[in-house]
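Everything on this sheet refers to the single structure shown next.
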Amino acid sequence: MEHKKITLLPGDGIGQEVTRSAVQVMKAAAQFSGIEFEFQECLMGGCSYDAHGIPLTDETLQVCFNSDAVFLGAVGGYKWETLPHHLKPEAALLKLRKELGLYTNIRPAKVYEPLIDASTLKRSVVAGVDFVVLRELTGGIYFGTPRGMTAESGWNTMVYAKEEVERIARMGFEIARKRNGRVTSVDKANVLEVSQFWRNVVHEVHKDYQDVQLSDMYVDNAAMQIVRDPKQFDVLLTSNLFGDILSDIAGMITGSLGMLPSASIGAKYSLYEPVHGSAPDIAGQKKANPLAAISSVAMMFAYTFNLKKTSDLIESAIDKTLADGLRTPDIFSEGCKLVTTDEMTDAVIGNLNKVL
Ligand code: NAD
C-alpha cells in the first residue's frame, strides 16, 4: 500500500458540500488502487477569515507543502464581499497558487454523451470532444512589469523567460504522450515578438518529443476552431492570457459549470479543484452538482498518482450515472431523475464499484 497525504481545503458555500463528495470518491477509488489516503482538512477563504482574520494562514500553507496533493472546494460568498482586497477569500486563491509554484493549469473539455444536448453547440460538433487546455499560470502579461496606469494611459508587459516556456512545453508534450499524442501550440506570432519567442522555444523543446505531433495556431483562429470543430484538438498549449480566455470557451462547449474539473501543477506540488465558485445562491440546499469535484479527483489519480486506469474508471462511473438519468438541478432535463448532491455521489460510487 502506498501512503499519500491529501490536504483538503473545502472552503466556503458549496465548496464544503462537493469536497465531501470528492473525499468519498477518493476513498472508494483508493481501495482498488493500492493507495491509502491520509486526509488533513484546513480552513481557507471566508471561513479562515472568520476564524483567523486572514483567508490563508501560514499554518495552512505549511500543511499543503507537506502533502502529496491538495484538493480545494471553492471560496467566497456574500458575507466577505466588502472586505479589503487582500483579505477577500479570492485573494487566498492567488496566494496559494503562487506559493505552491503551480505554473500549469489543466482544464479538460470533455463532453459526456448523455449531456450532449445541454451544449449550446450542435450534437454533430460536440459529440466525442475530448481535449485539454494547458494554460501557463504564473507568467506572461498578468505578472509582467512594468505595469501601471495614469489618467492618460495604461500599460502592461507580456514577457516570457525561456525556462518558463520550456517547462510548460515539456509538460504539454508529456501529457500528449499519455493522451492522443498531439499538441497545438497557440500564439500570436504574426504580431507579438513574445509569441514568436514562445513558438521558437516550443519547437526547440519538441526536438526531444519527436513522437508527439506539434502544430501552431494563432489565438484568434484557435478561438474560432474551438467552436467550429473542437474534435481536432488533443492538447492546446497556451500562455496565461490566451489560456484564460480559451479555457472558458472550451469549458462552455460542454454545457454546465457544475461539470468542469481542473488541475494546477508545478514542479513539486499539485492542486485539484472544480472550476466553479462557492455558489452562495444554492449553498446548504443539497443542490450542488458534485461531478466537477469528482472529475477533479479523476485528474488527481491521473496526474499526481500516475494511475490513468483509476482515473478512467472514475470517469466511466460518472458517464454511467448520467446515462442512468440522474441529474442535479443545474443539468436537469425532462424525463431525468432529480437528485441531491449526496444521491449523485452515492450513485457514482455505486457505479464505480460496478465498473470494477
Ligand atoms: P459560481 O461558480 O459560484 O456560481 C455561478 C452560478 O452557477 C450560480 O448560479 C451557481 O448556483 C451555479 N453553480 C456553480 N457551481 C455549481 C454546482 N457545482 N452545481 C450547481 N450549480 C452551480 O460563481 P459566482 O456566483 O460568480 O461566485 C460566487 C462566489 O464564488 C464569489 O465569491 C466568487 O468570487 C467565488 N468564486 C470562487 C472560485 C474558486 O474558489 N475557485 C471560482 C469562481 C468564483
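The values are calculated or read from the model by the stated rules, or taken from the named source; none is laboratory data. Here the structure is a predicted model, which is why all the values come from computation and not from measurement. We place every Cβ from the backbone using ideal geometry, glycine too, and count neighbours over all the protein chains shown.
What the table shows:
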item: Filtered residue count, region 325-345, keeping only those that are touching a Lys or Arg at 6+ places or on another chain (Cβ under 8 Å) and among the acidic types (Asp, Glu); result: 2
item: Matching residues, region 2-57, being of a type in the set (A, V, I, L, M), more than 24 Å from GLU315 (Cβ to Cβ) and touching a helix residue (DSSP H, G or I) at 6+ places or on another chain (Cβ under 9 Å); result: LEU43, MET44, ILE54, LEU56
item: Selection from region 329-347 of residues that are within 14 Å of the ligand (Cβ to nearest atom) and of a type outside the set (Asp, Glu); result: PRO329, ILE331, PHE332, LEU338, VAL339, THR340, THR341, MET344, THR345
item: Residue, nearest to ILE253 (Cα to Cα), within region 125-158, restricted to residues that are assigned to a loop (DSSP other than H, G, I, E, B) and touching a strand residue (DSSP E or B) at 6+ places or on another chain (Cβ under 8 Å); result: VAL129
item: Residue ranges of helices (runs of 4 or more DSSP H) in region 284-356 with at least 3 members closer than 15 Å to ARG20 by Cβ and touching a residue at least 12 places away in the same chain (Cβ under 8 Å); result: 291-303, 341-355
item: Single match in SER239, SER270 (criterion: in contact with a helix residue (DSSP H, G or I) (Cβ under 8 Å, 6 or more places away or on another chain), among the polar types (S, T, N, Q) and away from the ligand (no atom under 16 Å from the Cβ)); result: SER239
item: Answer from GLU334, GLU315 - the residue that is more than 17 Å from the chain's Cα centre (by Cα) and acidic (Asp, Glu); result: GLU334
item: Selected residue (criterion: farthest from LYS231 (Cα to Cα)) from residues of region 68-118 that are of a type in the set (S, T, N, Q) and crowded, with 19+ Cβ neighbours inside 10 Å; result: THR104
item: Selection status of THR150, loosely packed, with under 12 Cβ neighbours inside 10 Å and within 16 Å of the ligand (Cβ to nearest atom); result: no
item: Candidates GLN16, GLN24, GLN62, filtered to the one that is away from the ligand (no atom under 16 Å from the Cβ) and polar (S, T, N, Q); result: GLN62
item: Subset tally (residues that are of a type in the set (Phe, Trp, Tyr) and closer than 20 Å to GLU174 by Cβ) for region 192-225; result: 2
item: Test result for GLU36, outside any helix (DSSP H, G or I) and assigned by TED's automatic domain parsing to the domain that holds VAL297; result: yes
item: Which listed residue is crowded, with 19+ Cβ neighbours inside 10 Å and assigned by TED's automatic domain parsing to the domain that holds ALA250, from GLU136, GLU163; result: GLU136
item: Residue in region 187-196 that is of a type in the set (S, T, N, Q) and in a helix (DSSP H, G or I) present; result: yes
item: Selection count, region 20-41, where residues are of a type in the set (Ser, Thr, Tyr) and surrounded by 24 or more Cβ atoms within 10 Å (Cβ to Cβ); result: 1
item: Filter pass, ALA28 being small (Gly, Ala, Ser), farther than 19 Å from LEU260 by Cα, at pLDDT 95 or above and assigned by TED's automatic domain parsing to the domain that holds PRO55; result: yes
item: Qualifying residue in region 159-175 (condition: modelled with pLDDT of 95 or more, part of a loop (DSSP other than H, G, I, E, B), away from the ligand (no atom under 16 Å from the Cβ) and among the hydrophobic types (A, V, I, L, M, F, W, C)); result: yes
item: Residue tally, condition within 16 Å of the ligand (Cβ to nearest atom) and among the β-branched types (Val, Ile, Thr), over region 274-326; result: 6
item: Counted residues, region 13-33 - those being assigned to a helix (DSSP H, G or I), more than 30 Å from GLY53 (Cα to Cα) and among the small types (Gly, Ala, Ser); result: 3
item: Residue within region 259-282 that is surrounded by fewer than 23 Cβ atoms within 10 Å (Cβ to Cβ), in the same structural domain as THR310 (by TED's automatic domain parsing) and at positive phi present; result: no
item: Search result, residues across region 78-92 that are in a helix (DSSP H, G or I) and either among the aliphatic types (A, V, I, L, M) or more than 9 Å from the ligand (Cβ to nearest atom) (or both); result: LYS79, HIS85, HIS86, LEU87, ALA91, ALA92
